[in-house]
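Asker: Just dropping this structure here.
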Amino acid sequence: MRTIAIMNRVLKELFRDKRTLALMFIAPILIMLLMSVIFNTNSTTDVSIGTVGVTKSLNKELDGIKHVSVKKYTTKAKAKKALKDDKVDAIIKKNGNNYHLTYANTDSTKTATVKLAFKNAVTTTSINKLKSALKQSTKATMKLQAQLQALQKQAAASQTTAKTTSTKATANNMATKSTSQKTPKITNSYVYGDKDTGYFAKMLPILMGFFVFFFVFLISGMALLKERTTGTLDRLLATPVKRSSIVFGYMLSYGILAIIQTIEIVMVTVWLLGIEVVGSLVSVVIINLLLALVALAFGILLSTFANSEFQMMQFIPIVIVPQIFFSGLIPLDSMANWIKGISYIIPLKYSGDAVNSIIMRGTSIMDLGFNIGMLLIFLVILTILNIVGLRRYRKV
């Protein structure tokens, strides 16, 4: 009976807590619906290929392949600039009868798609050329046979035999010449990594930022919640100290821990997992530190809405899961515009894009002003909301 009584008391408390009930029963439904939309609208990979000196027929075959678009460039320098600016995923340059392919290789899926598309296009073009050559050869043979019949009627038997042999040889030579095709030589080069670089290389820079965001968010939120539930924050708010000073004090103190944790995660990812960094490692650390400060402000803000550690934990699916979906781990290229729009309010998207550019393309941090500016905007807005949010706990 005592067990039943305890069970009844706990259930009554749970059912009185509408916020906990909502997080338990509504949040999973929202996450599952979000997963369904993400994965059902992202089943294809679109690639863009830059071509230099490639024949019209091959360009047409490439452009005719589904999910492949072709951009023609007059020089390789212009094509390389487009590749660096992320306007194309690969370059195909024809040198005589040979081809040289350059891949950005920042996404192994796109690299594999380009290779397959090029192989299919070359095969189709070669078959079409052979068909055309065979058709011309057949016409030439028929013409020569007609001439041969005319000669047989006019020439003597001995002369006809010699000419017949010569005519047949000529026809055979024409057929052989028209149908023979030299196999083109294909060479590959990679801007980032090599042929063995897999999709995990694209995931690592984003996963690095995700773990920075997740742990800083969780630790800062839990720590401030403990300060509030134990009464420490109430006593501090009872003093003449400004709310902004309290927020900045907490952010600086937890910020020091966030800096140490961020540097640790970045170093482990780069050195222990062996990720190749084309750009500056210092720039990678700076971007992730900025993301850590955003996560810190986010954690502090959400802790003001939680009444217990249990409720704080329940905020994780609502805040953290969307960061994964819209950070770039799952390509957004083929998604609907309204889904892409959601990604613009996700901090991890901007840090992921910036870190990917530094690591895979060697982009300077000075060229990442937009991404850095968006992270700073998130930080300022969240900090202001934290200062305003403390008003509800100040009783004096």
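Asker: Could you calculate the contour length gain from S244 to K139, that is, 0.36 nm times the residue separation minus the distance between their Cα atoms, to one decimal place in nm?
Answerer: Numbers: separation 105, 0.36 × 105 = 37.80 nm, distance 8.92 nm.
Computed gain between S244 and K139 is 28.9 nm.
Asker: Quickly work out the T75-to-L376 label distance, labels modelled 7 Å from Cα along the C-beta direction, and quote it in nm with one decimal.
Answerer: According to this spin-label approximation, the distance is 3.6 nm.
Asker: Taking the Cα centre of region 198-245 as origin and charging only Cβ (+1 Lys, Arg; -1 Asp, Glu), how large is the dipole, in debye to the nearest 20?
Answerer: Working: 6 positive and 2 negative charges, 23 e Å.
Computed about the Cα centre, the dipole is about 100 debye.
Asker: A follow-up question, please. Order the peptides 211-223, 137-149 from the highest to the lowest mean number of other Cβ atoms within 10 Å of their residues.
Answerer: 211-223, 137-149
Asker: Taking 51 Å as R0, compute the FRET efficiency from the Cβ-Cβ separation of H67 and K226 and round it to 0.05.
Answerer: The value I calculate is 0.50.
Asker: Provide the packing ranking of 375-385, 299-309, i.e. peptides ordered by the mean count of other C-beta atoms within 10 Å per residue, highest first.
Answerer: Values: 375-385: 17.2, 299-309: 19.9.
By packing density, highest mean first, the sequence is 299-309, 375-385.
Asker: Here is a follow-up. For region 69-148, compute the orientation-averaged projected area of the C-alpha convex hull (one quarter of its surface), in nm².
Answerer: On the way: hull surface 27.7 nm².
Over every viewing direction, the Cα hull of region 69-148 projects on average to 6.9 nm².
Asker: Rounded, prolate or oblate: pick one for region 216-267, where a ≥ b ≥ c are the square roots of the eigenvalues of its C-alpha gyration tensor, a/c under 1.5 means rounded, and failing that, prolate if a/b is larger than b/c, else oblate. Write out the running numbers ahead of the final one.
Answerer: Numbers: a/c = 4.27, a/b = 1.97, b/c = 2.17.
The shape class here is oblate.
Asker: Can you pull a Stokes-Einstein diffusion coefficient for region 278-396 at 4 °C (1.567 mPa s), Rh from Kirkwood over Cα pairs, as a whole number of µm²/s?
Answerer: After rounding, the answer is 82 µm²/s.
Every read-out reported here was derived from the displayed coordinates using simple, explicitly stated rules and does not represent laboratory data. As the structure is a prediction and not an experimental result, all values here were calculated from the model. Because the Cβ atoms are built from the backbone with ideal geometry, glycine has one as well, and the counts that use them run over all protein chains shown.
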